[in-house]
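One structure is given below, encoded as structure tokens.
Throughout, read-outs are computed from the coordinates displayed, never taken from laboratory work. Keep in mind the model is a prediction, meaning the values are calculated, not measured. Please note: Cβ atoms are built from the backbone with ideal geometry, for glycine as well, and neighbour counts cover all protein chains shown.
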Amino acid sequence: MSEETLTIALAVNGERVSRTVPVRQSLVDFLRADLGLTGTHVGCEHGVCGACSVRLDGAVVRGCLLLAVQADGCEVVTIEGLAEAGGIADLQEAFVARNALQCGYCTPGMLMTAAELLAEARPRTREEIRTFLSGNYCRCTGYHAIVDAVAATLEARLARGREGSP
Amino acid sequence: MKPRRFSYVRAESLAHAVRLLGEHGDEARILAGGQSLMPTLNMRLSSPRLLIDINRLEALSGIALREGVVRIGALARHAEVLRSPVVARHLPLLAEAMPHVAHVAVRNRGTFGGSIALADPAAELPACTVALGAAFVLESAGGRREVPAERYFTGLYETARRPDELLVEALVPVEQPGSVSVFMELARRQGDFAIAGLALHLRLAAGAVGDARPVYFASESRPTLGRSVAEAVMGKALDGPAVEAAAAAVERDLAPVGGAHASARLQLHLQRVLTRRALETARRRAAA
Amino acid sequence: MSDETIRALLDRPNSYVGRTLSRAGARRAVAGRGRYTDDFAVPRLLHAAFLRSPHAHARIACIDTEAAARESGVALVMTGAELARMVAGPWVGTLTCFPGMKSAPQYPMAVDRACWAGEPVAMVVAASRAQAEDAVERIAVEWEELPAVVDKQAALDPATPPIHPALGDNIAFRRTIDTGGVDAAFAAADVVIEEVFEFGRHTAVSLEPRTLLADFDRATGKLTITTSSQCPHMIQRVFAATLGLPDHMVQLIAPDVGGSFGLKIHTYGDELATAAAAVRLGRPVKFVADRLESFVSDIHARENRVKGRIAVSGTGEILAFDIDVLSGAGAYSQYPRTSVLEATQVLNVTGGPYRHRRHRGRATVVYLNKPPSSQYRAVGHPIGNSVGEHLVDRAAHALGLDPVEMRRRNVFPDDAYPAVTASGVRINDMSHQRCLDTLVARMGYAELRSEQAALREKGVHRGIGIACFIKGTAPGPHGYYGTGGAPISLQDACTIKLEPNGGILCAVGVTEQGQGTDTVMAQIAATTLGVPMESVRVISGDTDAVPYGGGTFGSRAVAIGGEAVFQAARALRAEILDIAAVLLQAEPSALDIAGGTVVDRAGGARRLPLAEIGRIGHFQLGELPNSVQPVLSHTRRFRLLEDLYIFTNGVHGAHVEVDVETGFVRLLRHWVVEDCGRVINPQLADEQVRGGCVQGLGGALYEHCLYDAAGQLTNGTLADYLVPMAAEMPDIDVAHVQTPTSVSELGAKGVGESGTGAAPAVVMNAVNDALLPFGARVTTQPITPEVILTALGRI
């Protein structure tokens, strides 16, 4: 069988892109190799570690379990886009301040997932935060500082929300 | 771990999808959520010639209540089922099971139909559908048919679906007043495949069990209705002796297979523990 | 320099030493701007994939690569035999300091026999990884299966054929330590506890897998390797020697590394093959170990069976330890660090916190048809601590003593140093007593005990565990690698330079994997020099740009590398003050540097910005007398002079709840109090401990490489090899006692492995504490529900 390809057109971090790709190419490989968006990482290629987490049409998904061709007509946001848009600046700041990352390899996926938790804008216990992040593997931090960073960011946002400030 | 080469087609309609299935049979795979399929392709454990992407088929999506039956489209994402007020209100067993299904990112893509079609022995949804007396609608070029969940799961990763059939939707009767359900599973880590699990649905009338459907999963090759366990509590109140009798009956209903994370004897033991705990929880919930 | 002067330098008001500062690298990473080896876009890049042996032990009767070579996109196919003809070698993983140690010659890819399932046998280099994998499937191999040795006891059995016939048997190494008088001590003891412990095989599972990108420039003969390694200089040395290139024509760059934990201090045949392919093709070639192949080709560790005995007097005094260690290595002793250090460390550290005088330890390391094993975070300590601390708890229980009290009676007192452990290890500057006291207070130990008793009545079974430890950090040249002849630098270096604008470039031989090495080096340099942090940039991980070093392993970066920075910075400071003194016509001793400016030592008046020294020293030499030749670049090296290691100490506490019906363990909370000497950055030190703890907890409860009788790894995916995830892990409280080491002026010891070394010990103690009312105990790790329920007699 020869290498079947397909031309796709999608929005990545707000920018329209069009490429011809092998149908067997994963979304994460496409983002990294074809678009140079190397912030999303590959850790297992079977959907367990979460390093490849990206946002597809508003929801966090495993980039290694999606074919690039499936993202045709969709909106993809990677960590680069998330960072540039500024919407998680407080979360990033909290991660840095609490050293909620060491090697940084799990971090984009961790931030992507935490951003989805924060978007639901409701109080969570530490246990609930841990459960929400249970699909993102980190070998370096032992998770404690990550939970601290997410909890602190959530608390600050909810407080701002209560105070009515933006 | 890159997949072998395959052909890819995006189904434009339900008719298109079933026609392709009819043409290619076992050489084709349905690509829905892909959360179970893609790992097998990446690991080169499976090499279909054709992937039929059904993700754009609106006809397969949605969750709706109609005349006492909740219709869950095959493409309903786990995240949708988890958040659905219809499911929360009318199918509490399913609502209780959903947080155990994998993790956030997998739930955002994985589908109800995908879980049913794969019939992984450790999966939560097949057991719930059997406990709730659901039925599945299958469509082929030859038409539609309905298969009750209790007859759908025929063996290890084996279902009643023929290679030329597409799973369209699940029809789940709402849980009636006077019924109580409990979902429990044991997994080494949050979101892992369960090593023992029980989806229990029973009716209680005047404090006595009217109809008990304890469906065991993870220890067996397919969701297994515990008939002896059910018999042990039929017509009785869920008191200590009845619960003990039920736990003792577990070994008559189950033949655990064991696996990497649990031996067969561990699984049997855990299913007994879950039986006790689920029945005790059912009693408390019925009283509340 | 006197203690006082050092303290004056490091402890002054604006000192960065002892201060929490965020890492510069962190900001990049949260923006998705990390640069890992797989991130570099390189023109004309090719990709390598490997055919790996499906059999644990098999002869390669015939290998046909013709069909593979014809596949689309393929640039090169190479068998193990072809590679062996191209490179020097084979590798033999022995150290001369271990008399009697033996290992079979190992080729980077198997030549006529594969000795573990996963061993690389042939390589395809193609235009894409997918195409390379397609072509790998077209390589035809005729295998003749041989019996596989999978069990440690069977490996020892003389009736079992040796994996490598030329070695005569399957024994890699035997070692015995014996103070003498051990049998007499046991005979005289009031309490003797004997137990057998099993430890499962682990692998590191770094999230970024092993990755190597090699590019060979035929025009110049220079090989450039970018790789996720902790030890660039060692890889440079080994690869240069194996490929037949001079060291100075090989550049090793370690960019951002996505976790390593010791996994990436080793040399791997598939990586060497990738570099050889680049040399052969004159084109860049990249290899990324995917997750499935990582499980069967990364080094393994921790597979041990230990028989342990403790002899105790009626008053709770530990009289003796006696341990017998059977360590399961892999098919070869990993080159060049070997596969025997783990067993050696178990002998060194078991019972290490205690003052007993009689001690015997025997270790046997056997070959198995499994992936080679070698150093992985906390090498041997999780095993030694688990054995020793369990036996201490058992003895305490037999005597009706509280486990904390038992330890109080037996640890080396804080004023006992320098001392030597009964196992023969030199220890100094420790604080077992202070750490224990601090832990007990932080845990609320007494309250936990009362709560435990109350909950037991209600059928809720909580356990409290304590585990003391010693940890060997910062190995010295008189240790194993040095005396054993390994091409590994046990000293380290810093070159520090003043730039024309007053900025500081600090190049170090130790490396960064996210633990904060670069930041800590900058804190030391900035403090010593008297400049703001922003003026310092640390360069690491590039053999072209840094002085020769050993990289990061064995918790050595701050202890050894940091001291080199301190000394180099001090030398630069002295030269700056000398030049300033000439310019200002003052005495150097009347001057100081603060905030990047030369100031009067008395009164602090600002005299000259460093930028002036820089300008004059680099450009305007006319402003200085001819007798003054500015250098403004200083290199200093540091090493341990006598000791094998700088040993540290500490204690862990754990609070767990055991569901005695299901065998599931809930980790409620974890504490660590440890002494790593002078702490440079408290937050980074804490986070090293936390991360290390969780890695240890993973090993204690979840992780296990499961092998069947045929030598197949049956759980080699992330779904089946259970690494610790957020939902199961506890919050971890960390505190430090600071007893500076006397071997350096900075006084810093290593901290990176202290969490991992004793977390398994303390959680096993906590679980056993919970099970006490049932008369049940567990001595197997991982402590799975199966293990607990079996101990309880429930299954």
Step through the residues of the stretch C:623-640 one at a time and calculate ³J(HN,Hα) from phi using the Karplus curve (6.51 cos²θ - 1.76 cosθ + 1.60, θ = phi - 60°), rounding each to whole Hz and writing x for Gly and Pro. 7, 10, x, 4, 6, 9, 10, x, 10, 6, 8, 10, 10, 10, 10, 9, 8, 6
Modelled FRET efficiency - R0 22 Å, B:Ala264 with B:Arg284, Cβ distances, 0.05 increments: 0.10
Quick one: which of A:86-92, B:16-22, C:754-760 comes out on top by average Cβ neighbours within 10 Å, and what's the full order, highest first? C:754-760, B:16-22, A:86-92
Can you list residues from other chains, or at least 5 along the same chain, whose modelled amide H is less than 5 Å from the amide H of C:Asp542? C:Ala254
Going by average Cβ density within 10 Å per residue, which order do the peptides A:143-150, A:43-50 take, highest to lowest? A:43-50, A:143-150
Please list log₁₀ I(q)/I(0) at q = 0.18, 0.31, 0.33 Å⁻¹ for the stretch B:7-53, using the Debye equation with identical point scatterers on the alpha-carbon positions. -0.50, -1.19, -1.27
For the protein assembly as shown, state the semi-axes of the equivalent ellipsoid (square roots of 5 times the eigenvalues of the alpha-carbon gyration tensor), sorted largest first and rounded to whole angstrom. 50, 38, 32
Starting from the Cα of C:Asp415, step 7 Å toward the Cβ, then list every residue of the stretch C:355-369 with an amide N under 20 Å from that point. C:355-356
What is the average number of partner chain Cβ atoms found within 10 Å of a Cβ in B:2-12? 6
Label point distance in nm, C:Arg426-B:Arg144, each placed 7 Å from Cα along Cα→Cβ: 8.5
Can you give me the C-alpha center-to-center distance between the stretch A:56-113 and the stretch B:173-194, rounded to a whole angstrom? 31
Under DSSP H, which helices of chain C have Cα atoms covering 24 Å or more of the helix axis and a Kyte-Doolittle average no less than 0.5? C:563-584, C:754-771
Checking A:Thr40, A:Thr107, A:Thr153 against a Gaussian network model of chain A (alpha-carbon springs below 10 Å), the top fluctuating residue turns out to be A:Thr153
If each residue of separation counts as 0.36 nm, what is the full-extension length gain between C:Val631 and C:Leu399 once their alpha-carbon separation is subtracted? 76.8 nm
Phi angles of the stretch B:44-50, converted by Karplus (6.51 cos²θ - 1.76 cosθ + 1.60, θ = phi - 60°) into ³J(HN,Hα) in whole Hz with x for Gly and Pro, give 6, 7, 9, 9, x, 7, 9
Per residue of A:92-101, how many C-beta atoms from partner chains lie within 10 Å of its own C-beta, taken as a mean? 6
Give me the one-decimal nm value for the distance between modelled label points at C:Thr96 and C:Asp64, 7 Å along each residue's Cα-to-Cβ direction. 4.8
Among DSSP beta bridges lying fully in the stretch C:426-560, give the percent that are antiparallel, nearest 5. 55
Nearest 10 degrees is fine. How inclined is helix B:240-253 to the longest principal axis of chain B, computing both from alpha carbons? 40
C:Met249 to C:Thr220: extension gain in nm, 0.36 nm per residue of separation minus the Cα-Cα distance? 9.6 nm
Just grab the label-to-label distance for C:Val196 and B:Ala248, each label 7 Å out from Cα along the Cβ direction, in nm (one decimal). 3.7
What's the FRET efficiency of C:Arg27 with B:Lys236 using the Cβ-Cβ distance as r and R₀ = 60 Å, to the nearest 0.05? 0.40
Using modelled amide H (1.01 Å from N, peptide plane; none on Pro or chain starts), what sits under 5 Å from the amide H of B:Leu204, excluding residues fewer than 5 places away? B:Ser179, B:Val180, B:Gly210
Ranked from highest to lowest mean number of other Cβ atoms within 10 Å per residue, what is the order of the peptides C:492-502, C:600-610, A:96-106? A:96-106, C:492-502, C:600-610
What is the average number of partner chain Cβ atoms found within 10 Å of a Cβ in B:256-265? 3
Exposure-ranked with fewest Cβ neighbours within 10 Å first, B:Arg66, C:Arg442 stand as B:Arg66, C:Arg442
Separation of the stretch B:200-240 and the stretch B:38-109 by C-alpha centroid, Å? 26
Any idea how far the Cα center of the stretch C:556-602 sits from the one of the stretch C:297-323, in Å? 49
Given a Förster distance of 41 angstrom, what is the FRET efficiency for B:Ser46 paired with A:Ala11, based on the Cβ-Cβ distance and rounded to 0.05? 0.80
Of all DSSP beta bridges in chain C, what percent run antiparallel (nearest 5)? 80
